[in-house]
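First up is the structure itself, then whatever we jot down about it.
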Amino acid sequence: SGCIVVMDVNDSSILACVNKPFDDYNIKAFGQYCVGSVFKIVVACCALENNCSPIYDCKGTVKVGDTQFRCQNGNVHSVQGLKQALANSCNCYFVNLALTLGRDKLLATCNKLGFDSYTRLFDDWDILNAQLPTKNDLVSQGELSLFGFGQGKLTVTPMQICSVLCTIANGGTFNQPRLVLKGVNDKGEMSQIIYPQGKKVLSKSTCDNLIRYMRYVVTNGTASSVMCN
């Protein structure tokens, strides 16, 4: 069970949107789900935008208050920077990074990327992009730790995650996702849908680094199984 959404990185036009199973009337790309580790890209984005790229020694677990967080499958990643932590999907690194950055910087980055907004697909068809934990929620170090690797009270649409990736691939320019290009009235006359102009929300250097880091995830990290021999 799942979905695929494909978007054009140049203007965020939705090129394909497919559900599985196909008889499900819910459009899963527009529904909200727990996002998990893919949210680490957003946290990494926040870190780069704020010139924060700590070296951290992952011992497989990290204790925050009375809660212990673990890396998947008991992995111990040892000393690593942001690039290696993203490639390893290191929960402990991103717990530490979230606590270092703090709630305000993380929420500000989310807001720049549209997590706190709606996407208007057509007329009054508005999709809420995400449900973020509140500032009060993130007073809790435990909730802030969970937020660092996409857990806790965070839910996000697949379309929103794809939109974030388009923004990064487009050098930091955010475009509203576009489903409908033209409208037709009852006389058969067509009219072009006018979308807001793209807005620069991330620096090009941040995006260039993230693209390199995401390639490294595929060549040397947790996504290496997708590489063709």
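Summed over segment 216-229, residues that are assigned to a loop (DSSP other than H, G, I, E, B) and surrounded by 14 or more Cβ atoms within 10 Å (Cβ to Cβ) total 3. Applying the condition of being open to solvent by 60 Å² or more (accessible area, probe 1.4 Å) and among the hydroxyl-bearing types (Ser, Thr, Tyr) to segment 176-215 and asking which residue is nearest to Asn88 (Cα to Cα) yields Ser205. For segment 78-88, the count of residues that are among the hydrophobic types (A, V, I, L, M, F, W, C), open to solvent by 10 Å² or more (accessible area, probe 1.4 Å) and farther than 21 Å from Leu144 by Cα is at least one.
Just so you know, in segment 130-151 the residues that are assigned to a helix (DSSP H, G or I) and among the small types (Gly, Ala, Ser) include one that is most open to solvent (accessible area, probe 1.4 Å), and it is Gly142. Note on segment 25-34: residues that are closer than 19 Å to Val156 by Cβ and either assigned to a loop (DSSP other than H, G, I, E, B) or over 18 Å from the mean Cα position of the chain (by Cα) (or both) total 5. Exactly one residue out of Val76, Val43, Val6 is aliphatic (A, V, I, L, M), out of contact with any His (no Cβ under 9 Å at 6 or more places or on another chain) and farther than 23 Å from Pro158 by Cα: that is Val76. Residues that are open to solvent by 40 Å² or more (accessible area, probe 1.4 Å) and among the hydroxyl-bearing types (Ser, Thr, Tyr) were ranked within segment 1-52; the one that is farthest from Gln176 (Cα to Cα) is Ser1. Out of all the residues in segment 53-73, is one or more open to solvent by 10 Å² or more (accessible area, probe 1.4 Å), within 30 Å of Ser12 (Cα to Cα) and under 18 Å from the mean Cα position of the chain (by Cα)? Within segment 53-73 (the criterion being open to solvent by 10 Å² or more (accessible area, probe 1.4 Å), within 30 Å of Ser12 (Cα to Cα) and under 18 Å from the mean Cα position of the chain (by Cα)), the answer is no, since none of the residues qualifies. Looking only at residues that are touching a strand residue (DSSP E or B) at 6+ places or on another chain (Cβ under 7 Å) and under 14 Å from Ile41 (Cα atoms) in segment 90-112, which one is most open to solvent (accessible area, probe 1.4 Å)? Among those that are touching a strand residue (DSSP E or B) at 6+ places or on another chain (Cβ under 7 Å) and under 14 Å from Ile41 (Cα atoms), it is Asn91.
Working carefully through the options Gly65, Gly60, Gly74, find the one that is at pLDDT 95 or above and touching a Gly at 6+ places or on another chain (Cβ under 7 Å).
Criteria check complete, one pass: Gly60.
The values are calculated or read from the model by the stated rules, or taken from the named source; none is laboratory data. All values derive from a computational prediction rather than experimental measurement. Ideal geometry is used to build each Cβ from the backbone, glycine not excepted, and the neighbour counts take in all protein chains shown. Quick note on the areas: whole protein, heavy atoms, side chains included, nothing else; ligands and nucleic acids left out. Shrake-Rupley method; radii C 1.70, N 1.55, O 1.52, S 1.80 Å.
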